[in-house]
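Report on one structure; see the data block that follows.
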There are 2 protein chains.
Amino acid sequence: MKREIRNTIYSKVCDRLRGKIISGAYPPGRRLKMVDLVREFGISAMPIREALQQLQGEGLVTIDPHRGARVRQVDRHFVIMVHDLRTAIECMLGRKACMKITPNGIEAAEKIQRKYDRAVEERDAAKMVAANLRFHELIYDHAGNSLALQVLKTHSALIRGIRTRFGYTRGRPEQVCREHRRIIEALRRRDPRQLEKALWEHCQNAATDFINLFEENS
Amino acid sequence: MKREIRNTIYSKVCDRLRGKIISGAYPPGRRLKMVDLVREFGISAMPIREALQQLQGEGLVTIDPHRGARVRQVDRHFVIMVHDLRTAIECMLGRKACMKITPNGIEAAEKIQRKYDRAVEERDAAKMVAANLRFHELIYDHAGNSLALQVLKTHSALIRGIRTRFGYTRGRPEQVCREHRRIIEALRRRDPRQLEKALWEHCQNAATDFINLFEENS
DNA sequence: AAGTGGTCTAGACCACCTT
DNA sequence: AGGTGGTCTAGACCACTTA
């Protein structure tokens, strides 16, 4: 058997499963049976169990004892819960980041936003989602709260995966550009209140947009 | 060996380890070696690994591949991160709960608060922490966001365990009573803004108090 | 009452740190 | 190079669901 140096097998399985879940190859609600996974990966059951446990911790998978694992089911209520959680955390991180972010950081945010602009012109939804992710993470990185940032990432992954597949509703990308510019403006002025307001509305609009998209495609 | 019906072994191990970590029997930073745990529980390694993975997902334990597990290290920075995360989530949950909580729910909150009052009179820190937990959870249960509630619980457990052991600084319990009454008052008026403000200050004061306590005892 | 499929054990294996 | 200690495999085991 091929020997992998460095990493453990279960972390590789974890990465591959995570990728398949987020990409939609394993869609929400899909059963993840040991037998199938054992065959697919050509390894024994235990490292797969480890990986599933890990993914359960990340919120991507649910495990019922003695009954097996599934990709987390995504329904309207779950979507709302995630967005409300995200809104709360993003506003807090934004407020913290506002006073700490460097001029270089703000510059970098603008640069990413220009990438988003280009993605909108090219109507490339996947590229928009990627640029959007980097835009927000860049700002929140300056908040100095790696714990909250991790919670945010963890509980956004599934939603972001679906977003990549579904894209945006009509006119939403242009609206996102305006909202991002408002966020940058607030950062420039070092105005936490204005930033929090801009982020709050940005999150609310994202939620509304996503729910519409989700209902259409269900 | 005694056969346990219903639950799995790893979930039992998980519960016992969680209890030991929160109670301080296994203090922050303590190594959790497989060999020791295997002997302690009288079972093989795999279910223990499962339990540790689970606890890592709950934030109580950190695992380095090929290097083993430890009880999560708690330092000043971590304490601040947790409190900022809690503040963000609690304020959001409070706002949501405000419009949904039933008169019976508000009644129940008052009842729990009277238990807190009694605990203060008796100077029973453990009882205060327990009543405080129930007070907040009762309110947030009405927010209809089980996801955010779970994140909140998860990332409060370690801190709450330490709080149970350290108690409060002088005068803080009486202050908590006043702050809780303000929260109940806002619920009665169905005033989300006032409630959010009361919760925000309550969380901030709790953070300050805890950090002082933490520095004293370090 | 049988089948399915998750769970546990024992021991081999090997990555990482110390000598 | 040796030791420590986490990781993986194979197969038995048994909880839970079908009929």
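Structure notes:
- Derived scalar couplings ³J(HN,Hα) [the stretch B:50-56; Karplus, 6.51 cos²θ - 1.76 cosθ + 1.60; whole Hz; x for Gly, Pro]: 4, 4, 5, 4, 4, 5, 5
- Contact order normalised by residue count of chain A, Cα under 8 Å, 6+ apart, percent: 24
- Phi to ³J(HN,Hα) by Karplus 6.51 cos²θ - 1.76 cosθ + 1.60 over the stretch B:88-96, Hz, x for Gly, Pro: 4, 6, 5, 5, 5, 5, x, 4, 5
- Whether the stretch B:49-116 is rounded, prolate or oblate, judged on the alpha carbon gyration tensor where a/c under 1.5 counts as rounded: prolate
- Projecting the Cα atoms of B:VAL151, B:MET81, B:VAL13 onto the charge dipole of chain B, computed from C-beta unit charges around the Cα centre, puts B:VAL13 farthest toward the positive end.
- Across peptide B:145-156, the average count of Cβ atoms from other chains found within 10 Å of a residue's Cβ is 4.
- Point-charge dipole on Cβ atoms (K/R +1, D/E -1) for the protein assembly as shown, about Cα centre, debye to 20: 840
- Label 7 Å beyond Cα on the Cβ vector: A:ASP191 copy-to-copy distances, nm: 2.8
- Karplus-derived 3J(HN,Hα), 6.51/-1.76/1.60, for each residue of the stretch B:110-121, Hz, glycine and proline x: 4, 4, 5, 4, 5, 5, 4, 3, 5, 4, 5, 4
- Within 10 Å of each Cβ in A:78-85, the average number of Cβ atoms from other chains: 5
- Positive minus negative residues near B:ALA126 (Lys, Arg vs Asp, Glu; Cβ under 10 Å): +2
- For chain B, the longest principal axis of the Cα atoms and the long axis of helix B:9-23 meet at an angle of about 60 degrees.
- Alpha-carbon Debye profile of chain B, log10 I(q)/I(0) at 0.11, 0.15 Å⁻¹: -0.61, -1.01
- Proximity of backbone amide H atoms, modeled 1.01 Å from N, is registered between B:TYR26 and B:ILE21 at under 5 Å, excluding neighbours fewer than 5 places apart on the same chain.
- Take the Cβ atoms of B:LYS100 and A:SER44, set R0 to 56 Å, and the FRET efficiency comes out at 0.70.
- Angstrom value of the Kirkwood radius, inverse mean 1/r, which spans all Cα pairs in the stretch A:1-65: 12.2
- Cα shape, the protein assembly as shown, gyration tensor, a/c 1.5 rule: oblate
- Over all other residues within a Cβ to Cβ distance under 9 Å of B:ARG95, the charged ones net out to +1, with Lys and Arg as +1 and Asp and Glu as -1.
- Charged side chains reduced to their Cβ positions (Lys and Arg at +1, Asp and Glu at -1) give chain B a dipole of some 480 debye around its Cα centre.
- Cα centroid separation, the stretch B:143-218 to the stretch B:57-130 (Å): 7
- With each label modelled as a point 7 angstrom along the Cα→C-beta vector, the B:VAL35-B:LYS197 pair spans 6.1 nm.
- In degrees, nearest ten, helix A:172-188 long axis to first principal axis of chain A (Cα): 60
- Net charge contributed by nearby residues that have their C-beta within less than 15 Å of A:ASN217 (K/R +1, D/E -1): +1
- Fluctuation leader among A:GLU107, A:GLU137, A:GLU179 - chain A, Gaussian network, Cα springs under 10 angstrom: A:GLU107
Values quoted throughout were computed directly from the atomic coordinates according to the rules given, and no laboratory measurement underlies them. From a predicted model like this one, the values you see are computed outputs, not experimental measurements. FYI the Cβ positions are ideal-geometry reconstructions off the backbone, even for glycines, and counts take in every protein chain you see.
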